[in-house]
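What follows is a single structure, written as structure tokens, with notes after it.
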Ligand code: AMP
Ligand code: MG
């Protein structure tokens, strides 16, 4: 790695610069695999999908009704035609003779000669004769060949994440399987002698390891495979072992806690001994320290231990890094301009990512309220909120000011 430590140790790196630098280092996976479309949900498409067919493949009826030739019908209502054939979906009819109509159903191919479908509600039927009680325009109620997708069109580009909509779209042009990037394997561990797995009783001085569960959820929501090494004690030996094991099995290692420079923080020394490490002090709150580096070609991201900092640094840095490694093409996260429903009179010198909830009023104006306790250990704020309001360095906010809002859903989608 280069340019990781081109700043003197104590200078705080701005958020935007840190994201940009991290992304420069992220190397997209190149291996692919082919999966049935039903198993491709959440994966990243590795090939452009080009359609070899028109969708729909033929002009077809948008209604249950009668296919007619509009020229046979004078303006005005009460006109009669003979029903000469019946065309259900899945079959093709005979060419329509002048002066006749075809009983037709939704999705059935329009017979040659017909140029309109009259919906059945506008028709009175008596035996094989119908009376049409409406004006008929050429082209009405017909879905045109290729109106959704034209033959030869590229409908999905490599790098897109496959949602339910893309599964259906791929199937609509005949793809039963899709070639996707292999899932990113992420090795994770959690440092701290105070940590206990939920389900056990807490002894004095202990707390439950919540970061493990937050991180599992975050990684799953991004479609990653997880190698979870669990809790690692605050010793250099255990930290070194965890890093070695994760490096052997994973494409990316993420640790939580132990990245500061205290006596009980061993991540930095372990990583320096095994590989390369760059420590960053970020000009953001929460989540000041962030470590990144590599061991034998496996990327490493060291997050702080505070639970809210883990969530925030994942949303802001780890998520984009992972998306780039996954080969995703669209890494941009839209910023929403919303009105502040709160005062923030004493801004920090760092850029603050304040846990907030979005509201839309009757006139469709978005505004944000914030959780009352913004402490970096107050995990409740992350569950209450649906996004971050960004408070710029040293800029107080008064109720009614416009502020930038980042949605968790967008950050983690
Ligand atoms: P550290 O970065 O290791 O100094 O930890 C900072 C704070 O986060 C301390 O109060 C830790 O007890 C807490 N912490 C660290 N790891 C976890 C974890 N996995 N789950 C919950 N809290 C944690
Ligand atoms: Mg610790």
If I ask for residues that are free of Cβ contacts under 8 Å to residues at least 24 places away in the same chain and not in a strand (DSSP E or B), which ones from segment 357-373 would you list?
361, 362, 363, 364, 371, 372, 373
Single match in 152, 205, 176 (criterion: exposed (fewer than 13 other Cβ atoms within 10 Å of the Cβ) and free of Cβ contacts under 8 Å to residues at least 60 places away in the same chain):
205
With criteria (1) within 16 Å of ligand 2 (Cβ to nearest atom); (2) at pLDDT below 95; (3) closer than 30 Å to residue 158 by Cα, residue 330 comes up short on (1)
Assess whether residue 127 counts as being without any contact (Cβ under 8 Å) to a residue 60 or more places away in the chain, within 16 Å of ligand 2 (Cβ to nearest atom) and either more than 24 Å from the chain's Cα centre (by Cα) or within 30 Å of residue 242 (Cα to Cα) (or both).
no
What is the residue count in segment 248-274 for residues that are away from ligand 1 (no atom under 12 Å from the Cβ) and surrounded by fewer than 20 Cβ atoms within 10 Å (Cβ to Cβ)?
6
Read through the list (1) at pLDDT below 95; (2) in a strand (DSSP E or B), then give the number of the only condition that residue 265 fails.
(2)
Residues that are near ligand 2 (Cβ under 9 Å from one of its atoms) and over 12 Å from residue 236 (Cα atoms), drawn from segment 260-276:
260, 262
Given the structure, is residue 319 closer than 18 Å to residue 224 by Cβ, more than 16 Å from ligand 1 (Cβ to nearest atom) and either in contact (Cβ under 8 Å) with a residue 24 or more places away in the chain or in contact with a helix residue (DSSP H, G or I) (Cβ under 9 Å, 6 or more places away or on another chain) (or both)?
yes
Please find, among 378, 391, the residue that is more than 30 Å from residue 161 (Cα to Cα), touching a strand residue (DSSP E or B) at 6+ places or on another chain (Cβ under 6 Å) and in contact (Cβ under 8 Å) with a residue 40 or more places away in the chain.
391
When segment 217-259 is examined, which residues are found to be within 12 Å of ligand 2 (Cβ to nearest atom) and touching a residue at least 60 places away in the same chain (Cβ under 8 Å)?
255, 256, 257, 258
Out of the residues in segment 116-130 meeting the condition of being over 18 Å from residue 98 (Cβ atoms) and touching a strand residue (DSSP E or B) at 6+ places or on another chain (Cβ under 7 Å), tell me which one is surrounded by the most Cβ atoms within 10 Å (Cβ to Cβ).
123
Residues (within 16 Å of residue 301 (Cβ to Cβ) and within 11 Å of ligand 1 (Cβ to nearest atom)) located in segment 213-238
214, 215, 232
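The values are calculated or read from the model by the stated rules, or taken from the named source; none is laboratory data. No experiment lies behind these values; they were computed from the predicted model shown. Glycine gets a Cβ as well: all are built from the backbone with ideal geometry, and neighbour counts include every protein chain shown.
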